[in-house]
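Readers should treat all values here as calculations from the given coordinates under stated rules, not as data from a laboratory. Note that the coordinates shown come from a computational prediction; the quantities given were computed from them, not determined experimentally. Counting neighbours? That spans all protein chains shown, and the Cβs are built from the backbone with ideal geometry, glycine included.
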């Protein structure tokens, strides 16, 4: 696949108004990916299976996975340095749509605002972005009203994220959450108990469970198993490693344990993935 830097061929939907909700499919080459300031909020949904990247703001190295989201508020500059070709869906959300969602959710009179976020998770936003992209690919038969409705639904999810951040601020900060996620990535082949993860996060086990679910939208256990599955998938597909070796290298208790979680998360068995790698693509 050939990609042009800074988005390659990009097509927005709808085309009739710069103030409308739109979506831009991106395909960026490895290297610096800059998102210059624009008048809309940008919700960038990562669509590649796994891409190592470096945050230009902090210098931290992160593994961006399919479904990870970067949030760049209107008027701000975003971006990162990608170590491989990076595909994504960029939803552009006018500030007035965010304000309308805030008003409809009982925040009338309060100015709706967003803050820069990197590598956050929200499965509903991913689903909505994919629906918007499918409508764009179909030529937009439902029109601008459909795009606005989807945009309002995305805005509502963002407002929930803001609320959850406020609730979570007294417990698991974004910095500690990122440290925990990096710890999980670095120790995915080991036994990761709640006690171990709570110690790394600087929180009690019960508080960590609650805070992690509020911050990410999924349970801590489910997140760890998803990361094990993705790492095992890459080992099976890209290195030719046997299923038993992949299970051992990714912290599963045994090969059947890995196979059970792969069926749950990917809908495919390790053997099926080896035969047809595209089955587990995300």
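Relative contact order for region 22-168: what percent, with Cα pairs under 8 Å and sequence separation of 6 or more?
28
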(message) At a 10 Å Cβ-Cβ cut-off, how would you order 160, 189, 68, fewest neighbours first?
(response) 189, 160, 68
(message) Using only the alpha carbons of region 174-280, what is the convex hull's orientation-averaged projected area in square nanometres?
(response) 6.5
(request) Over region 30-104, calculate the relative contact order: mean separation of alpha carbon pairs under 8 Å at least 6 apart, over the residue count, as a percent. (result) 45
(request) Please give the contour-minus-distance gain from residue 245 to residue 84: 0.36 nm per residue of separation, less the Cα-Cα distance, rounded to one decimal in nm. (result) 55.4 nm
(message) So the label point goes 7 Å from the Cα of residue 254 along Cα→C-beta, right? Which residues of region 181-205 then have their backbone N under 18 Å from it?
(response) 191
(request) Rounded to the nearest Å, what's the spacing between the alpha carbon centres of region 218-282 and region 56-96? Just the number, please. (result) 26
(message) Relative contact order of region 196-265, please, whole-number percent, based on alpha carbon pairs below 8 angstrom and at least 6 residues apart.
(response) 20
(message) Can you order the peptides 94-101, 139-146 by their average number of other Cβ atoms within 10 Å per residue, highest first?
(response) 94-101, 139-146
(request) Neighbouring Cβ atoms within 10 Å as the yardstick, rank 51, 239, 191 fewest first. (result) 191, 239, 51
(request) Take the Cα gyration tensor of region 22-168, multiply each eigenvalue by 5, square-root it, and list the three semi-axes largest first, rounded to whole angstrom. (result) 24, 19, 13
(request) Could you line up 55, 27 from fewest to most neighbouring Cβ atoms inside 10 Å? (result) 55, 27
(request) Just order 40-48, 199-207, 247-255 by mean Cβ neighbour count inside 10 Å, highest at the front, would you? (result) 40-48, 247-255, 199-207
